[in-house]
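The values are calculated or read from the model by the stated rules, or taken from the named source; none is laboratory data. The structure displayed is predicted, hence computed values, not measured ones. Cβ sites come from the backbone with ideal geometry, for glycine too, and all protein chains shown count toward neighbours. Heads up: the accessible areas ignore ligands, DNA and RNA and are worked out on the full protein's heavy atoms, side chains in. Shrake-Rupley method; radii C 1.70, N 1.55, O 1.52, S 1.80 Å.
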Amino acid sequence: MSGTFPVYVHHGKRKQRVDVTKETQMVEVMQRAWDLYSIPVENQRLVYKGRQVDPNLKAFEVGLQMNARLMVIGDPIAKIPSGAGEKMFDKYETQLKTLEEELGAAESRQKIAGVGEACQRALESLDALSIPPSDADLKTQRKQYVKQFLTLQDNVDTALTRSSL
């Protein structure tokens with residue numbers, strides 16, 4: 001593209017090149033920082049030459065020049081690592097099946113309750129994830145994990161009921 005020039009967006013010790021034009025709005029740079037550093041735009045502050053940048057300004061209004069250094073300030077959100085939900089779910093489901101086979105012992109009942117508590121913690125972790133409205137895939141993935149853990153939680157409750165009979 002003609003008229004583009006590189007600027008460097010820093011977060012902590014990390015630095016990434018972003019190409020902009022004089023007409024690029026700073027909110028576009030912030031959206032790029034979201035992609036690079038997993039910091040939602042609404043949680044970012046963009047700083048240039050020691051001053052916070054208005055997201056509605058254009059590059060030429062801010063005075064950006066080739067190789068300018070921008071700092072993005074904000075905390076990245078946790079993303080669900082690929083396969084992490086399935087691994088955790090499989091682990092707890094296997095534990096529950098093993099414990100159901102050992103029903104009757106008071107110790108098994110405590111272990112089943114422990115699986116239920118672990119499921120609850122997993123659900124709380126999933127609920128705590130900050131997912132931007134634009135990330136439909138991640139929302140769908142979280143929703144699937146929540147359904148799986150709720151089903152497993154129901155199975156834990158059923159196993160606890162059977163063990164008390």
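In table form, for the structure just shown:
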{"item": "Heavy-atom accessible area per residue - the stretch 1-60, 1.4 Å, Å²", "result": "62"}
{"item": "Carbon + sulfur, % of accessible area of the stretch 19-73 - ligands and nucleic acids excluded, 1.4 Å", "result": "44"}
{"item": "Cleavage-rule hits (trypsin sites (Lys or Arg not before Pro)) in the stretch 1-42: DSSP loop, at most 12 neighbouring Cβ within 10 angstrom", "result": "LYS13"}
{"item": "Pairs from LYS13/LYS139; LYS13/LYS49; LYS111/LYS143; LYS97/LYS143; LYS22/LYS49 whose Cα-Cα separation, in the structure shown, is over 21 Å", "result": "LYS13/LYS139; LYS111/LYS143; LYS97/LYS143"}
